[in-house]
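Worksheet for the structure shown next.
Laboratory data are not the source of any read-out in this text; all were calculated from the coordinates shown. Computed from a predicted model, the values in this text were never measured in an experiment.
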Amino acid sequence: MSQSFAVFDDILPACDLCHFKKIRCNRQRTCSNCVDVGVECQRLRRGRTSRKRSFTSATGPAETMLRLERPVAQLQGCKLFPNSGSYPSRLTS
C-alpha cells in the first residue's frame, strides 16, 4: 500500500537566511533565495528545546490556598511588612 502523505522527517527546515528574512524557503539543499543572493545556504540554527511542563497533583482549592499562603506568611514576618499579620488599614481623611 503506497502512502500519499509527506514524511516530515525528510523535510529540511527553512535555511538560516530565509528564517532571518522571514521569507518562504523552497527547502532544497541549496535554496533559490540563497542562490539569488549568492550566499552559502546553511541550516545551523538549533531546534527549539521543549520545556518540561510541571504537572501538579490534582489538589483541591484548600490545598492550593495553603500552598499559596505559606510564602505570604513567611514574608509577613520580614521587615518589608511592618504590620505583619494584618493588612494595612485604609487612611481616612
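The stretch between Val35 and Ile23, if pulled fully straight at 0.36 nm per residue, gains 2.9 nm over its current Cα-Cα span. Amide H to amide H, with H built 1.01 Å from N, Ala14 comes under 5 Å of no residue 5 or more places away or on another chain. Extension gain, Ser50 to Glu69: 0.36 nm times the residue separation minus the Cα-Cα distance gives 3.8 nm.
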